[in-house]
Each structure stands twice: as C-alpha cells, then as structure tokens.
Amino acid sequence: MTVSEFNSCVDNYADNLYRFILKTVRDKDIAKDIVQDTYEKMWLKVSDVESTNAKSYMFTTAYRTMIDFIRREKKKQQWDDSFEEIGVHAKQNHDLKQILNEAVDKLPEDQRSVVLLRDYEGYDYKEIGEITGLTESQVKVYIFRARQFLKNYIGKMEVLV
C-alpha cells in the first residue's frame, strides 16, 4: 500500500471505524484512542497491507484493540470493585432509543460487536467473520441470539412502561 492509498483509506473509513468503536465503548476519548492506535498499527504494516484489504485490516485491528482495552478495563474494574462498594440505582426511562442502547450494552462482547457490525455498519456475514475472526456460522448464531435477547428485553420493557 502506498502513502496516498493509506491517506485515502483514512479519509474513506475513519468515520465508520470511529462510529463502530464508539457504539461499543461508549466513550469518545477512548474511541478516538482506539482508532488512532488502529491507524498507527496499520501505518507500521503499510508495506504488508494491500489496498484492497485495507478496510478489513482496519476493522479487524480496531476490533482486536477494542477487545484488549475492554479486557484490561474489566480487570481494572474488578480490582476497583473489591475496594469500594458501588450502589446501583434503577432508572426508569421511556425513551426507546435509550432502552435499546441499554439492551445492546447488556449483550456479551461478541454478540454486541457482530450486531453493531451487521445492523449499524451494514457488513455481511462473511466480512464480519473476517473482522472478528469468527466463522460465518458463529456470526449468524451470535446475531440471532443477540436479536432474540434484544426482542425479549424490549418486549419486557414495554410491559413495564
């Protein structure tokens, strides 16, 4: 990949990549850091990456970087939780978008990622498999299970609201 192809790739896919990461981590600064790390990793391998595979390479790298970040944060959170007690307050809200976002947040990492890639970003099953390292069958199963959970969660919320 040439420098101009790299720059073109950054221009064409930066927004989609940022949006995908932001939907998962829910923090603008962290999402920007992960996207920046992705571009840095891609720049270090610019001679090895073909321009036709650049989009896939970027999303795969971003996904893996995001998973590493989430795992580090979970370990950090478990450590912090052992030292302080956190009170949880239930909040009732009638905004369907917020309820949907809360439901998506409750999904396991793998299911959340594949649903966001499929329903928010519009990737097909094969592309999602390449990005996440899952087989096409696993992607379909995760999407099915995630959608079932979302359907049941939102259905229960409508009864409560």
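Consider only pairs whose beta carbons are under 8 Å apart and that are at least six residues apart or on different chains; among these, list those whose first residue lies in the range 21-34 and is assigned by TED's automatic domain parsing to the domain that holds MET66 and at positive phi and whose second residue is part of a helix (DSSP H, G or I) and surrounded by fewer than 19 Cβ atoms within 10 Å (Cβ to Cβ). Once the first residue is assigned by TED's automatic domain parsing to the domain that holds MET66 and at positive phi and sits in the range 21-34, its partners that are part of a helix (DSSP H, G or I) and surrounded by fewer than 19 Cβ atoms within 10 Å (Cβ to Cβ) give ARG26/ASP105. Selection over the range 28-51 of residues that are surrounded by fewer than 13 Cβ atoms within 10 Å (Cβ to Cβ) and within 22 Å of ASP119 (Cβ to Cβ) gives a count of 1. Considered as a group, the residues in the range 133-144 that are touching a helix residue (DSSP H, G or I) at 6+ places or on another chain (Cβ under 6 Å) and in contact (Cβ under 8 Å) with a residue 24 or more places away in the chain include one that is nearest to THR38 (Cα to Cα), and that residue is VAL139.
The values are calculated or read from the model by the stated rules, or taken from the named source; none is laboratory data. Treat the numbers as computed from the prediction; the structure is a model and nothing was measured. Cβ atoms come from the backbone with ideal geometry, glycine included; neighbour counts cover every protein chain shown.
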